[in-house]
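Right, one structure below, let's go through it.
No value in this document is a laboratory result; all are computed from the given coordinates. No experiment lies behind these values; they were computed from the predicted model shown. Please note: Cβ atoms are built from the backbone with ideal geometry, for glycine as well, and neighbour counts cover all protein chains shown.
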Amino acid sequence: MGQLENKIAIITGAGSGFGEGMAEAYIREGAKVLIADLNGEAGERVARALGPNAKAVTCDVANEASVKAMVEVCVESFGIPDIIINNAGTTHKNQPMLNVDEKTFDRVFNVNVKSIYFITHAIVPLLRQRGKGGVIINVGSTAGIRPRPGLSWYNASKGAVNLLSRAMAVELAPDNIRVNALCPVMGATGLLGDFMGVPDTPENRAKFVSTIPLGRFCEPRDMAAAAVFLGTDAAEFLTGLEMPVDGGRTI
């Protein structure tokens with residue numbers, strides 16, 4: 001029997017990278033998972049690979065109507081979710097802060113921060129109505145703890161996610177809704193080139209890996225292991241964490 005047997009989860013940005021890794025682990029541990037991604041084709045690919053307990057939905061987390069529709073699909077397909085993983089995120093290219101235009105700034109904050117506002121409004125009333133509590137996992141970042149130069153606005157957005165998670169944890173504790181932030185260091189995902197701001201070569205990767213004490217990037221399996229644990233009843237007394245998944249980067 002899996003650690004998440006009979007649990008229902010929504011994972012945003014689950015069409016690739018960390019989100020895909022978390023979805024795979026959740027299915028393996030017995031959960032039913034709604035795979036939400038802006039790239040509908042990617043989401044469908046993941047859902048097909050994971051079988052009947054996975055369903056894909058195209059969702060722009062920065063759009064309120066799209067988020068509401070995503071939640072409705074989950075409720076109709078599987079039921080009210082027990083676990084919500086706000087994983088979808090974006091960044092601006094590593095560059096001087098004054099070079100980032102307003103449109104890019106808005107996109108970063110809409111996808112990384114405002115999305116949580118929309119999802120919280122859509123989900124929390126359902127969790128309260130059901131009365132059994134729930135789990136919200138926000139994917140923050142080490143960028144919000146130990147920022148790298150050139151990513152100032154992205155760092156700020158993830159700092160907001162990290163702090164928001166703690167604030168939500170306090171406010172939602174009376175409802176037995178646990179809220180934690182997972183804070184990964186860089187991973188070899190689609191955003192890596194933008195994070196580095198230099199060509200994605202072995203030499204440039206080595207420079208960034210050298211700042212991580214355990215000597216490698218974060219991998220989907222690392223995030224998946226942490227997300228599974230935080231979603232289980234074994235973590236029932238854990239809320240308000242900013243959990244670095246970073247090989248020691250934030251030390």
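Structure data summary
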{"quantity": "Choice from T104, T58, T91 showing the highest fluctuation, given a GNM over the chain with Cα pairs closer than 10 Å", "calculated": "T104"}
{"quantity": "Ascending count of other beta-carbon atoms within 10 Å, so fewest first, for T189, T211", "calculated": "T211, T189"}
{"quantity": "Positive dipole terminus of the chain, leading residue within V71, A42, M22 (C-beta point charges)", "calculated": "M22"}
{"quantity": "In order through the stretch 7-16: 3J(HN,Hα) via Karplus (6.51 cos²θ - 1.76 cosθ + 1.60), integer Hz, x for Gly, Pro", "calculated": "8, 10, 10, 10, 10, 8, x, 8, x, 5"}
{"quantity": "The stretch 140-196: proportion of alpha-carbon pairs further apart than 17 angstrom, %", "calculated": "43 percent"}
{"quantity": "Dimensionless Rg over Rh [the chain; C-alpha; Kirkwood]", "calculated": "0.95"}
{"quantity": "Extension gain from V209 to V170, taking 0.36 nm per residue of separation minus the Cα-Cα distance", "calculated": "10.5 nm"}
{"quantity": "The stretch 230-251 versus the stretch 2-67: alpha-carbon centroid distance in Å", "calculated": "21 Å"}
{"quantity": "Span from the the stretch 157-196 Cα centroid across to the the stretch 87-120 one, whole angstrom", "calculated": "14 Å"}
{"quantity": "F105-M1 FRET efficiency (beta carbon distance; Förster radius 35 Å; 0.05 resolution)", "calculated": "0.15"}
{"quantity": "Filter on K55/K158; K32/K55; K114/K158; K7/K114; K68/K114 - keep pairs with C-alpha separation over 20 Å", "calculated": "K55/K158; K7/K114"}
{"quantity": "For the stretch 1-147, alpha-carbon Rg over 2.2 N^0.38 Å", "calculated": "1.06"}
{"quantity": "Burial ordering of C183, C74, fewest other beta-carbon atoms within 10 Å first", "calculated": "C74, C183"}
{"quantity": "The chain, dipole about Cα centre (Lys/Arg Cβ +1, Asp/Glu Cβ -1), debye to the nearest 20", "calculated": "300 debye"}
{"quantity": "Residue order, fewest to most surrounding Cβ atoms within 10 angstrom, among F78, F229", "calculated": "F229, F78"}
